[in-house]
Amino acid sequence: MSPPSVSLPYRASLFLLAHGRSGDKGDLVNIGVIARRADWYELLVRELTIERVARHLSPLGIGRVERFELANLGALNFLVHDALGGGGAVTLRLDAQGKTYANALFRMEIDLEEDRRHEVIEHWGGSIPAWLRLEPRTPGAEGAPGDSASRASDERKERR
């Protein structure tokens, strides 16, 4: 008798499930992440842990990360400390107001069950934009689930 078939979870760009924006308060970056559908909020709570968000944003040279849950809005708010090289008026960073941090976070990949995959495809009108990822998770893949920072680092090394 063969073992029961188990569908692999999928990997999806966070942007497919949420939208938001970011900005600065001194040397802090504030990132708001809002579920595109109310029933996707719990998935965001599960997948966007402080540790995973900090690891994903670590190539940007950040300090500690705090997370605040806003269940009534279907949103999460992240405060990223020491993110702007001293703040808008004194930093030498190109993004002095932290406006690109939300976009950076939305590149994060999260795990998705089969039923959620179908919901995402339906939400996007039957087809996913080509520049976004929604694909089966590879068994034994390197790195933590949703950790695209290590892959990006490897890609930069290959280009050198």
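The values are calculated or read from the model by the stated rules, or taken from the named source; none is laboratory data. Since the model is a prediction, treat every value here as computed from it, not as a measurement. Here the Cβ is made from the backbone with ideal geometry for all residues, glycine too, and neighbour counts use every protein chain on show.
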| task | Please go through the stretch 14-29 and pick out each residue that is surrounded by fewer than 18 Cβ atoms within 10 Å (Cβ to Cβ) and in contact with a helix residue (DSSP H, G or I) (Cβ under 9 Å, 6 or more places away or on another chain). | result | HIS19, ARG21, GLY23
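Can you tell me which residue is modelled with the lowest pLDDT among those in the stretch 32-49 that are over 18 Å from HIS123 (Cβ atoms) and surrounded by fewer than 17 Cβ atoms within 10 Å (Cβ to Cβ)?
Residue satisfying both the conditions and the ranking: ARG46.
Between ASP147, ASP95, ASP115, which is at pLDDT below 90 and not in a loop (DSSP other than H, G, I, E, B)?
Values: ASP147 fails: not in a loop (DSSP other than H, G, I, E, B); ASP95 fails: not in a loop (DSSP other than H, G, I, E, B).
Unique residue meeting the criteria: ASP115.
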| query | Which of the residues spanning the stretch 50-59 are farther than 20 Å from ALA35 by Cα and surrounded by fewer than 18 Cβ atoms within 10 Å (Cβ to Cβ)? | reply | SER58, PRO59
| message | Every residue in the stretch 50-87 that is more than 15 Å from LEU105 (Cβ to Cβ) and in a helix (DSSP H, G or I), please. | response | ALA71, ASN72, LEU73
| field | Every residue from the stretch 119-144 that is among the small types (Gly, Ala, Ser) and at pLDDT below 80 | value | ALA130, GLY140, ALA141, GLY143, ALA144
